[in-house]
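> Sharing a structure, written as structure tokens. Questions coming.
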Amino acid sequence: MLPRLFSFNGGVKPDPNKGDSTREPIARLPLPPQLVVPLHQHIGGTPRPLVGVGERVLRGQRVGGADGNVSSAVHAPTSGRVIAVESRLMPHASGLSAPAIVIEPDGEDRHVEREAFDWHAASPGEVRDFLRDAGVVGLGGAVFPSHLKLNPGKAGHTDTLVLNGAECEPFITCDDMLMRTEPEGILRGALIMKKMLAARQVLVGIEDNKPEAAAALKAAAAALGDTSLEVVVVPTRYPAGGAKQLIRVLTGIEVPHGSRSTDYGVQCFNVATSLAVFQALEQGEPLIRRIVTVAGNVERPRNFEVAIGTPIGFVFAHAGLKPDTDKLIMGGPMMGMPLPGVDAPVVKATNCLLASSAALFPPPEPELPCIRCGECARACPADLQPFELYWHSRSRNFGRAQEYHLFDCIECGCCAYVCPSHIPLVDYYRYAKSEIWARERDKDAADSARERFEFRNWRAEREKEEKAARLAARSAAKPAAAPAATDGAAPTADAAVDPKKALIEAAMARAKAQKEAVAAKNTAEPDAAQQAQIDEADARRARAAATPDSERTE
Amino acid sequence: MIQALLVMAGLALALGAALGAASVIFRTQGDPLVDKIDAILPQTQCGQCGFPGCKPYATAIAGGEADINQCPPGGDEGVRKLADLLGREFKPLNAEHGVEKPKSVAFIDEATCIGCTLCIQACPVDAIVGAAKQMHTIVAGLCTGCELCIAPCPADCITMEPVRETVESWKWRYPVFELKVEPPVTAPAREAA
């Protein structure tokens with residue numbers, strides 16, 4: 001039976017450019033002289049470093065522990081020695097550095113002892129914790145920790161698990177090649193996730209420009225003999241690989257603003273993530289390598305299996321970077337971000353490394369005024385009004401931009417692709433989004449500062465009150481105690497001074513008594529022997545006083 | 001005639017009673033305007049505006065005792081937001097109260113600190129930890145950069161460190177189209193051509 005397919009609005013059909021990098025099978029890249037493993041490679045908290053400088057690590061050993069639940073671990077990709085734990089250049093548009101663990105491989109590639117974990121017997125919570133500690137995150141590009149998505153949720157079950165093998169962006173072919181080589185592992189991973197989510201069916205969506213991948217997966221599904229697995233070929237149209245777009249195409253469910261696909265019983269994972277889940281649970285291998293497409297202005301475009309932390313320059317060197325390259329991009333030409341340098345490492349999010357040249361990607365033409373043609377709105381797959389977002393972002397009117405659902409924008413770049421005025425629309429949306437996030441952070445900080453300031457004032461007030469109360473209690477207690485203490489003493493005329501004076505008198509009396517007691521002890525009647533000792537001591541003292549100091553030293 | 005008057009008087013009494021009751025039942029707690037102004041202020045609690053904290057300054061603005069351009073940490077953007085809220089004209093920051101500086105946090109040189117607790121008492125937002133004759137340190141995430149701890153320190157061990165941009169806090173820049181200038185053709189080259 002042919003499943004009914006649906007369609008999403010908008011989208012574009014750029015030239016796929018996928019032929020060059022799929023000609024040859026995936027090659028395993030050798031280890032570089034130095035691996036830079038960033039601690040923060042996913043959405044959520046930065047993992048804590050678990051190793052120190054000089055320590056020896058083994059392949060698959062955890063070097064960064066997940067910080068809280070919305071986080072994921074990072075591992076050593078090979079055995080070697082930690083030569084630094086410091087800030088290194090990140091593959092990020094900012095060109096800033098962040099903490100990383102630098103490992104010098106020893107070439108032995110010794111594996112850490114695999115901990116036996118039977119996920120069949122373990123509770124779902126334990127399996128999720130295991131995946132968190134195995135560093136499994138979404139490999140489609142968003143790097144969201146997978147264990148958080150493998151929760152069946154309040155309803156207790158999910159209807160459909162969607163495996164995303166659409167890979168719609170031009171040049172990128174890493175998922176295509178992975179589906180051709182590891183179809184069984186991908187489907188086995190999907191069955192594990194299906195069990196964890198208590199899902200009814202698994203739909204694997206593949207664009208129709210990848211017939212080899214679809215055939216490989218169909219054969220693997222037939223070999224597994226599970227009828228809940230279905231491989232669906234979808235029409236090629238960018239961005240069919242967007243989670244919401246693929247869910248729409250496969251199930252007809254349109255996830256509205258402000259809700260998640262899980263609210264409608266659908267969960268979506270990338271095919272590479274599925275394989276990572278399988279490898280973690282069945283083979284005990286944490287996420288330490290990934291497939292990276294190297295394409296664009298290179299001599300030998302190809303897919304490489306790269307250890308996480310390999311410097312980007314090392315990867316490009318193996319593909320033969322052409323000398324007229326003017327820019328390096330991580331990701332595809334539509335959504336990728338410019339790389340700050342060749343020292344930045346490959347991270348879990350690196351699906352493609354693209355070299356750009358003036359011939360391949362001509363420099364952008366000058367931005368012209370918006371002519372309100374509405375082409376962008378026709379192309380938007382998220383059903384937004386890109387021109388409205390553009391005007392409000394451009395004029396820094398962020399509140400209005402949010403009213404037009406700026407945060408539903410998936411930054412796919414379709415609007416900028418069709419814009420006849422060559423406006424870099426996505427740059428404006430990214431600018432507006434990061435400004436809004438910065439304002440929210442400032443507001444949260446201000447709110448917490450206000451709370452602490454008010455609490456501090458309240459505390460100062462309370463301390464003042466408590467002190468006053470203590471003083472009042474003491475002065476109330478004194479007049480009652482005073483007569484008892486100064487029994488025999490004559491009360492003075494001044495009532496206000498009375499307790500204080502009485503106290504002073506009592507204290508003086510006590511001191512006098514003490515002094516007398518001490519004196520009495522010393523002048524107590526000594527017996528004859530004591531008297532002799534005293535006399536002897538006195539005589540010694542007299543002698544000592546008579547002798548000059550200089551003689552005494554001899 | 002009398003009837004009409006009675007009806008009108010009765011109506012007036014009934015409506016008056018309803019209004020009176022409503023004003024008691026729906027009484028607003030505190031001044032909502034003060035809270036709105038306070039929400040715009042950056043909560044640095046630095047006192048540069050001349051008031052002991054952001055809330056007192058907000059109260060003064062609402063009462064018309066202070067102008068809207070006395071908050072340097074809020075900067076021109078803060079003044080603009082206040083002007084929008086209060087329907088007033090924007091005016092640049094009053095230099096008497098200080099100038100807008102990049103956000104920074106205090107840092108205690110722990111080797112020099114003598115443990116006198118004076119800075120802890122001065123900190124308006126409880127961002128310093130330590131005890132008498134013990135080393136003090138600043139919780140950087142909680143510090144608002146008010147600089148109130150610098151003056152009381154007898155050992156001069158507190159400095160202000162600007163907050164550095166990280167990968168997480170980095171912001172995409174406003175898009176600008178870069179104009180590339182072609183290298184000028186030199187005279188010999190033109191002659192050769």
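The values are calculated or read from the model by the stated rules, or taken from the named source; none is laboratory data. Remember, it's a predicted structure, so these values are computed and weren't measured experimentally. Every residue, glycine among them, receives a Cβ derived from its backbone with ideal geometry; neighbour counts consider all protein chains shown.
> Restricting attention to segment A:179-186, does a residue exist that is within 30 Å of A:ALA66 (Cα to Cα) and in a strand (DSSP E or B)?
No.
> List, please: which pairs have Cβ atoms under 7 Å, are six or more places apart or on different chains, and start with a residue in segment A:230-249 that is closer than 15 Å to A:GLU169 by Cα and outside the structural domain of A:GLY413 (by TED's automatic domain parsing) and end with one that is polar (S, T, N, Q) and crowded, with 23+ Cβ neighbours inside 10 Å?
Correct list of pairs: A:PRO239/A:GLN245; A:GLY241/A:ASN164; A:ALA243/A:ASN164; A:LEU246/A:ASN164.
Matching residues to (1) more than 19 Å from A:VAL294 (Cβ to Cβ); (2) of a type outside the set (Val, Ile, Thr); (3) surrounded by 19 or more Cβ atoms within 10 Å (Cβ to Cβ); (4) without any contact (Cβ under 8 Å) to a residue 60 or more places away in the chain:
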| residue | (1), (2), (3), (4) |
| --- | --- |
| A:ASP20 | no, yes, no, no |
| A:PRO25 | no, yes, no, no |
| A:LEU29 | no, yes, yes, no |
| A:LEU35 | no, yes, yes, no |
| A:PRO38 | yes, yes, yes, no |
| A:GLY52 | yes, yes, no, yes |
| A:ARG59 | yes, yes, yes, no |
| A:GLY64 | yes, yes, yes, yes |
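> Would you pick out the residues in segment A:438-459 that are surrounded by fewer than 20 Cβ atoms within 10 Å (Cβ to Cβ), within 10 Å of chain B (Cβ to nearest Cβ), farther than 27 Å from A:ALA401 by Cα and not basic (Lys, Arg)?
Across segment A:438-459, the qualifying residues are A:GLU451, A:GLU454, A:PHE455, A:ASN457.
> Regarding segment A:371-378, can at least one residue be identified that is more than 14 Å from chain B (Cβ to nearest Cβ), touching a residue at least 24 places away in the same chain (Cβ under 8 Å) and in contact with a His (Cβ under 7 Å, 6 or more places away or on another chain)?
no
> What is the residue count in segment A:82-113 for residues that are away from every other protein chain (no Cβ under 14 Å) and under 25 Å from the mean Cα position of the chain (by Cα)?
10
> With the requirement that a residue be at the interface with chain A (Cβ under 8 Å from one of its Cβ atoms) and crowded, with 22+ Cβ neighbours inside 10 Å, what does segment B:124-148 give you?
B:PRO124, B:VAL125, B:ALA127, B:THR144
> Which ones in segment B:149-167 are away from chain A (no Cβ under 14 Å) and on the phi < 0 side of the Ramachandran plot? Let's see the steps before the verdict.
Our first condition is that a residue be away from chain A (no Cβ under 14 Å); within segment B:149-167, this holds for B:150-162.
Answer for segment B:149-167, where residues must be away from chain A (no Cβ under 14 Å) and on the phi < 0 side of the Ramachandran plot: B:ILE150, B:ALA151, B:PRO152, B:CYS153, B:PRO154, B:ALA155, B:CYS157, B:ILE158, B:THR159, B:MET160, B:GLU161, B:PRO162.
> Restricting to segment A:385-414, what's the tally of residues that are touching a residue at least 60 places away in the same chain (Cβ under 8 Å) and among the acidic types (Asp, Glu)?
Step one: list which residues in segment A:385-414 are touching a residue at least 60 places away in the same chain (Cβ under 8 Å), which gives A:405, A:408, A:410-414.
Going one step further and asking which of them are among the acidic types (Asp, Glu), we end up with A:408, A:411.
Residues flagged as touching a residue at least 60 places away in the same chain (Cβ under 8 Å) and among the acidic types (Asp, Glu) within segment A:385-414 amount to 2.
> Only one of these is assigned to a loop (DSSP other than H, G, I, E, B), touching a residue at least 60 places away in the same chain (Cβ under 8 Å) and touching an Asp or Glu at 6+ places or on another chain (Cβ under 9 Å): A:ARG88, A:ARG114. Name it. Working first, answer last.
Details: A:ARG88 fails: assigned to a loop (DSSP other than H, G, I, E, B).
Matching residue, one of A:ARG88, A:ARG114: A:ARG114.
> Which members of segment A:400-437 meet the condition of being among the hydroxyl-bearing types (Ser, Thr, Tyr) and either within 14 Å of chain B (Cβ to nearest Cβ) or more than 14 Å from A:PRO381 (Cβ to Cβ) (or both)?
A:TYR404, A:SER421, A:TYR428, A:TYR429, A:TYR431, A:SER434
> Hey, another quick one. Can you confirm whether A:THR227 is of a type outside the set (Asp, Glu) and in contact (Cβ under 8 Å) with a residue 24 or more places away in the chain? Spell out how you get there, then give the answer.
Values: of a type outside the set (Asp, Glu): yes; in contact (Cβ under 8 Å) with a residue 24 or more places away in the chain: no.
No; evaluated as a whole, the condition is false for this residue.
> Across segment A:14-46, what is the total count of residues that are more than 15 Å from A:PRO345 (Cβ to Cβ) and more than 14 Å from every other protein chain (Cβ to nearest Cβ)?
Summing the residues that are more than 15 Å from A:PRO345 (Cβ to Cβ) and more than 14 Å from every other protein chain (Cβ to nearest Cβ) in segment A:14-46 gives 16.
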